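Participant: Can you keep this structure in mind? I'll have questions shortly.
The values are calculated or read from the model by the stated rules, or taken from the named source; none is laboratory data. Predicted, not measured: the structure shown is a model, and the values here were computed from it. Please note: Cβ atoms are built from the backbone with ideal geometry, for glycine as well, and neighbour counts cover all protein chains shown. These area figures cover heavy atoms from the full protein model, side chains too; ligands, DNA and RNA do not enter into them. Shrake-Rupley method; radii C 1.70, N 1.55, O 1.52, S 1.80 Å.
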Amino acid sequence: MNKTDRSPGRRFLCGFLLVVWAPFAWGADFEPWPGTQYDAAIPTSRDVLGYDVGERISSPEALQTYLHALAEAAPNRTQLVEYARTWEGRPLNYLVIGSDADIARLEDVKAGMQVLADPRGHSAEQLDALVDSLPAIVWLAHGVHGDEISSPEAALLTAYHLLAAEPDGSVSGLLSDALVVIDPVENPDGRARFVHRYQSLYGIEPQPSRIAAERVQAWPSGRTNHYLFDMNRDWFALTQPEVQGRVRAFLEFFPLVYVDLHEMDTNSSYYFPPPAVPYNPYLSDQQIETLTDFGRYTSQRFDQFGFRYFTREIYDAYYPGYGDTWPGLHGSSGMTFEMAGARGLLANRDDGTQLSYRDGVHRHFVASIATIEMAARVKARLLREFLEYRQDSGDATVYVLPRRGDTGRVDKLASLLSAQGVEVRQLREASRLCGATQPAGTYVVSASQPAGRLVGTLLATDSPLSEAFWAEQERRRAKRLPVQIYDIVAWSLPMLYAVDVDTCSASVEGYPLAEEVLIPGFASPSAAQVAYVIPWGSQASARFLAQALRLGLTVDSSDKPFAINGRQFGTGALILRVAANAETLHRQVLQLIELTETEVVALDRSWAESGVNFGSREVRHVRAPRVAMAWGQPVAVSSAGSLRYVLERKLGYPVAPVRMDNLASAYLDEFDVLILPAGNYDGALSESASANLKRWVEGGGTLVGVEGAVAYLGSKDFALLSTQPERFADPEPDADDEREDRDDDEDDGFAPGTVLDSADDHAVAVAPTKPKPPPIPGAMLNADVDQEHWLAAGLPENVRFIVRGDTVFAPLKLDKGVNVVSFAGQANLVAGGYLWEDARKQWARKPVVLVQAVKRGLVIGFAADPSFRGYMDGLDVLVANAVFRGAAHATPVRR
């Protein structure tokens with residue numbers, strides 16, 4: 001059929017195709033801001049993309065296209081900046097929108113905010129002049145969770161409205177007093193994943209059913225970024241390039257208002273501040289009052305539009321890794337907005353109504369404009385409050401990070417603090433500070449600085465909540481009500497990094513402090529005659545091993561300490577023998593030192609004054625393991641992402657994700673190590689897959705399980721690890737016996753008769769018959785290490801884990817395996833955060849890291865994730881031990 005064919009069949013076919021690919025039409029009655037006239041010189045979404053805002057779910061590329069079009073149409077009122085790139089190479093941009101005058105003086109505006117952010121050395125007159133002259137900077141951040149789809153589209157509508165709306169009584173003057181920064185999509189990789197899936201399933205009209213394929217996301221969903229990180233937990237950890245770039249941009253502007261726009265459950269309404277209790281104790285009362293005022297103003301706009309909303313529920317401002325709390329700890333008014341999410345163009349709700357994608361776009365738009373309006377109205381107040389916050393840290397605490405032990409971790413922690421706007425100084429020479437002699441290079445962080453409140457919450461052991469708050473949580477827990485904590489309750493960076501910290505109240509004036517952080521490297525060794533030895537236990541040594549194996553070098557590792565030439569080498573030391581490697585070894589070692597910043601010792605003889613020799617059976621050959629990771633349901637997305645991130649990005653070693661269905665394949669033999677991240681594996685593996693895993697382990701594979709995977713490995717159906725999750729250790733055995741009796745009588749169709757004389761009797765009667773242990777709300781727990789075991793090589797006597805959930809495991813019997821790391825006793829169990837008393841009793845001395853030999857293979861279990869959120873730097877060596885040393889201790893038949 002040629003192009004000019006106008007037969008009825010052709011017309012019908014064309015019409016059908018148009019129906020298939022037409023966008024979902026909302027109708028012409030949609031007015032985002034009723035009564036507003038718009039400048040035709042500013043292009044609409046339809047002009048640029050071919051559809052109206054909210055009519056389709058725009059891809060990250062479409063969002064970028066429209067953002068560039070707006071910037072080109074209003075060059076005097078905008079500035080478009082690329083601030084970072086994602087793991088997958090997508091650009092991250094923000095669009096600055098302001099008056100002609102403010103855009104022309106944008107660098108001066110940013111310089112003025114830098115002065116307010118660090119007012120030291122400036123007169124009151126200078127500061128007052130800045131308060132009078134600067135605009136209120138409002139930063140709107142959208143779509144940090146890629147499947148929370150409406151806010152990026154709202155970003156386009158907000159930008160268009162600010163640029164195109166003709167001045168009138170409702171919108172005039174906004175940009176005279178406010179400078180708006182719009183980050184349209186914080187997680188384009190996750191959004192691209194969502195949009196691709198949605199478009200591939202979309203038909204001729206939206207399907208609103210809860211079970212419609214277009215609305216049910218496949219694993220891992222679009223929420224997270226490429227490495228499956230929830231970037232709304234990463235603000236102080238800065239593990240991901242998107243967040244690193246965002247923090248750099250934030251510190252250029254120091255916005256007075258920072259809004260992070262999200263989505264929540266489809267059946268909800270809309271949330272805006274004030275936040276729920278608890279608040280981070282380093283936020284000021286004035287900040288909470290200001291957030292309340294913003295919420296009150298936004299409520300007026302929502303009332304005008306007839307929108308429902310809620311405040312003071314669910315979303316607290318406690319954890320400093322949120323996109324509202326972290327800005328707040330710098331003095332901003334940090335806010336979270338949450339809109340009910342359609343997760344598509346249309347969604348059915350439980351009350352019989354429907355929620356559209358446009359509904360979310362519209363509400364986010366209205367909330368954004370209301371926030372800009374309020375900020376413009378109270379700009380002088382906001383600037384003054386920001387200045388006062390930065391002037392008053394209210395704390396004279398000094399945190400000293402001695403540069404000893406794993407100096408690489410100490411250096412990284414200092415750099416991390418500096419990267420988020422914390423003033424870090426360094427001792428030029430050894431000095432006595434905080435009651436101890438500190439070595440040269442020691443880092444000194446005073447809380448008496450503009451970022452002092454952030455310093456306190458990141459470096460102190462705890463960010464304590466009131467006794468009254470925890471008493472209320474104990475009451476709620478007793479009634480089986482949800483605990484009012486949205487995230488974890490411990491995050492001290494020195495603990496996460498396993499770095500020593502000394503604290504005192506002191507002035508650091510007069511000490512030999514360098515203003516800039518200088519990190520000395522290791523000297524390059526001369527060419528060795530016999531071997532190069534790398535002390536084990538630092539992140540750098542783990543990176544060295546990973547890269548040496550990728551280069552094909554022959555590496556051994558000692559399970560016992562030894563001393564040569566008066567130098568003591570601990571368990572796990574790496575040995576690269578000259579005779580076992582190529583002539584290029586010295587050059588390759590020098591390259592690895594530069595790449596990994598590792599200490600390497602060149603040896604001209606192998607005689608050990610004490611300990612083992614290189615030919616001992618205690619010295620193992622470490623071959624390059626081929627590492628696989630279970631991928632897909634039921635694997636916990638965050639655990640898979642953080643484990644892969646630690647191995648690939650922190651250690652530099654490749655991991656092959658393997659779909660769960662393929663664990664039954666004979667090709668599993670192509671791998672030496674298989675990691676089962678956290679997840680509920682009950683019933684997830686077929687009988688053939690379970691049988692194949694057993695065969696593979698027994699033949700010499702190393703199987704590493706985390707949290708829920710440990711329960712699966714210890715289950716009766718699998719039985720490769722001789723442990724099982726415990727039930728609640730009831731402190732009242734009589735009550736337990738009564739419940740047991742009640743269970744025994746249930747078969748006759750009647751419950752046993754009871755007399756409830758007291759409240760205690762009633763509590764027994766309503767208690768679950770087989771309760772689980774009490775869930776832990778993300779506390780930091782101490783654990784003791786069996787340093788004689790090879791899996792503990794390079795670890796200190798004590799380590800720390802972040803523990804969430806209700807799963808605690810029974811210890812391995814001595815004839816079955818080894819409990820290499822166990823939680824500390826009750827008195828020393830809690831390192832940070834809060835722990836219920838019954839949980840303290842039950843978790844004490846229970847295993848965290850278990851290892852069991854299974855014929856020629858090994859099974860290693862982690863009861864708590866050592867890679868949690870990618871920021872447990874103090875446990876990276878333990879992950880490396882499990883993968884590299886675990887494979888070295890398995891004994892597969894070599895072909």
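Participant: Considering the stretch 375-407 alone, what residues qualify as being open to solvent by 20 Å² or more (accessible area, probe 1.4 Å) and aliphatic (A, V, I, L, M)?
Facilitator: Passing the criteria: 378, 380, 396.
Participant: Under the condition of being without any contact (Cβ under 8 Å) to a residue 40 or more places away in the chain and assigned to a helix (DSSP H, G or I), which residue from the stretch 301-311 is least open to solvent (accessible area, probe 1.4 Å)?
Facilitator: 303
Participant: Still on this structure, I have one more. Can you name the residue in the stretch 182-217 that is assigned to a loop (DSSP other than H, G, I, E, B) and open to solvent by 60 Å² or more (accessible area, probe 1.4 Å) and is also nearest to residue 266 (Cα to Cα) among such residues?
Facilitator: Of everything passing the filter in the stretch 182-217, 210 is nearest to residue 266 (Cα to Cα).
Participant: In addition: Condition first: aliphatic (A, V, I, L, M) and either part of a strand (DSSP E or B) or touching a Pro at 6+ places or on another chain (Cβ under 6 Å) (or both). Now tell me which residues in the stretch 239-283 satisfy that.
Facilitator: Matches in the stretch 239-283: 257, 259, 261, 264, 276, 277.
Participant: Any chance the stretch 536-547 includes a residue that's out of contact with any helix residue (DSSP H, G or I) (no Cβ under 9 Å at 6 or more places or on another chain), charged (D, E, K, R) and outside any strand (DSSP E or B)?
Facilitator: No - not one qualifying residue is present in the stretch 536-547.
Participant: Any idea how many residues of the stretch 806-851 are in contact with a His (Cβ under 8 Å, 6 or more places away or on another chain) and either crowded, with 21+ Cβ neighbours inside 10 Å or not in a strand (DSSP E or B) (or both)?
Facilitator: So the count comes out to 2.
Participant: Quick one: residue 247 ticks every box in (1) more than 17 Å from the chain's Cα centre (by Cα); (2) over 30 Å from residue 631 (Cα atoms); (3) touching a residue at least 60 places away in the same chain (Cβ under 8 Å) except a single one, so which number is it?
Facilitator: (1)
Participant: While we're on this one: Contact list please: Cβ distance under 7 Å, first residue in the stretch 116-143 and over 18 Å from residue 251 (Cβ atoms) and touching a residue at least 60 places away in the same chain (Cβ under 8 Å), second residue surrounded by fewer than 18 Cβ atoms within 10 Å (Cβ to Cβ) and among the small types (Gly, Ala, Ser), pairs at least six apart or on different chains.
Facilitator: 131/380
Participant: Return yes when residue 294 is within 26 Å of residue 87 (Cβ to Cβ), touching a helix residue (DSSP H, G or I) at 6+ places or on another chain (Cβ under 8 Å), crowded, with 17+ Cβ neighbours inside 10 Å and aromatic (Phe, Trp, Tyr) and no when it is not.
Facilitator: In short, no.
Participant: Can you tell me which condition residue 453 does not meet? The list is (1) closer than 30 Å to residue 595 by Cα; (2) in contact with a helix residue (DSSP H, G or I) (Cβ under 9 Å, 6 or more places away or on another chain), and all the others hold.
Facilitator: So the condition that residue 453 fails would be (1).
Participant: Another question, if that's okay. What number of residues within the stretch 852-895 are in contact with a helix residue (DSSP H, G or I) (Cβ under 8 Å, 6 or more places away or on another chain), open to solvent by 10 Å² or more (accessible area, probe 1.4 Å), outside any helix (DSSP H, G or I) and under 24 Å from residue 669 (Cβ atoms)?
Facilitator: 4
Participant: So, in the stretch 324-351, of the ones that are farther than 30 Å from residue 114 by Cα and among the charged types (D, E, K, R), which residue ends up nearest to the chain's Cα centre (by Cα)?
Facilitator: Going through the qualifying residues, I end up with 338.
Participant: If we scan the stretch 428-436, do we find a residue that is open to solvent by 20 Å² or more (accessible area, probe 1.4 Å), among the acidic types (Asp, Glu) and modelled with pLDDT under 95?
Facilitator: yes
Participant: Residue check: is residue 265 surrounded by fewer than 24 Cβ atoms within 10 Å (Cβ to Cβ), in contact with a His (Cβ under 9 Å, 6 or more places away or on another chain) and over 20 Å from residue 137 (Cβ atoms)?
Facilitator: Answer is no for this residue.
Per-residue answers, yes or no, for (1) at pLDDT 50 or above; (2) of a type outside the set (A, V, I, L, M); (3) within 14 Å of residue 165 (Cβ to Cβ):
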position	(1), (2), (3)
8	no, yes, no
18	no, no, no
21	no, yes, no
33	yes, yes, yes
37	yes, yes, yes
47	yes, yes, no
50	yes, yes, no
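Participant: Here is a further query. Are there any pairs with C-beta distances below 7 angstrom linking a residue in the stretch 872-895 that is of a type in the set (Lys, Arg) to a residue that is open to solvent by less than 10 Å² (accessible area, probe 1.4 Å) and at pLDDT below 95, with the two at least 6 apart or on different chains, and if so which?
Facilitator: Filtered contacts from the stretch 872-895: no entries.
Participant: Next question, about the same structure. Mind listing just one residue for me: the one in the stretch 771-805 that is modelled with pLDDT under 95 and surrounded by fewer than 19 Cβ atoms within 10 Å (Cβ to Cβ) and, of those, nearest to the chain's Cα centre (by Cα)?
Facilitator: 805
Participant: Exactly one of these conditions fails for residue 523: (1) over 30 Å from residue 400 (Cα atoms); (2) without any contact (Cβ under 8 Å) to a residue 24 or more places away in the chain; (3) not basic (Lys, Arg). Give me its number.
Facilitator: (1)
Participant: Filter the stretch 69-126 for residues that are among the acidic types (Asp, Glu) and more than 28 Å from the chain's Cα centre (by Cα); which is nearest to residue 423 (Cα to Cα)?
Facilitator: Among those residues, the one meeting the criterion is 118.
Participant: Another question, then. If you check 456, 435, 452, which single one turns out to be over 19 Å from the mean Cα position of the chain (by Cα), at positive phi and touching a residue at least 40 places away in the same chain (Cβ under 8 Å)?
Facilitator: So the residue among 456, 435, 452 that is over 19 Å from the mean Cα position of the chain (by Cα), at positive phi and touching a residue at least 40 places away in the same chain (Cβ under 8 Å) is 435.
Participant: Moving on. So, of the residues in the stretch 691-713 that are small (Gly, Ala, Ser) and open to solvent by 10 Å² or more (accessible area, probe 1.4 Å), which turns out to be nearest to residue 889 (Cα to Cα)?
Facilitator: This residue is 699.
Participant: Looking at the stretch 687-713 only, could you name the residues that are of a type in the set (Ser, Thr, Tyr), more than 22 Å from residue 791 (Cα to Cα) and under 32 Å from the mean Cα position of the chain (by Cα)?
Facilitator: 690
Participant: Here is a follow-up. Any residue at all in the stretch 623-635 that's more than 22 Å from residue 541 (Cα to Cα) and out of contact with any strand residue (DSSP E or B) (no Cβ under 7 Å at 6 or more places or on another chain)?
Facilitator: Within the stretch 623-635, one or more residues are more than 22 Å from residue 541 (Cα to Cα) and out of contact with any strand residue (DSSP E or B) (no Cβ under 7 Å at 6 or more places or on another chain).
Participant: Now, a different point. Being within 19 Å of residue 411 (Cβ to Cβ) and surrounded by fewer than 15 Cβ atoms within 10 Å (Cβ to Cβ) is the filter; apply it to the stretch 523-535 and report the residue that is modelled with the highest pLDDT.
Facilitator: By that ranking, first place goes to 524.
Participant: Could you list all residues from the stretch 312-335 that are in contact with a helix residue (DSSP H, G or I) (Cβ under 8 Å, 6 or more places away or on another chain) and outside any loop (DSSP other than H, G, I, E, B)?
Facilitator: Within the stretch 312-335, 317, 326, 327, 328, 329, 333, 334, 335 meet the criteria.
Participant: List pairs: first in the stretch 803-821 and over 27 Å from residue 775 (Cβ atoms), second hydrophobic (A, V, I, L, M, F, W, C), Cβ under 8 Å, 6+ apart or cross-chain?
Facilitator: 818/791; 818/812; 818/850; 818/851
Participant: How many residues are closer than 17 Å to residue 158 by Cβ and either under 37 Å from the mean Cα position of the chain (by Cα) or among the aliphatic types (A, V, I, L, M) (or both) if we restrict to the stretch 36-45?
Facilitator: The total comes to 3.
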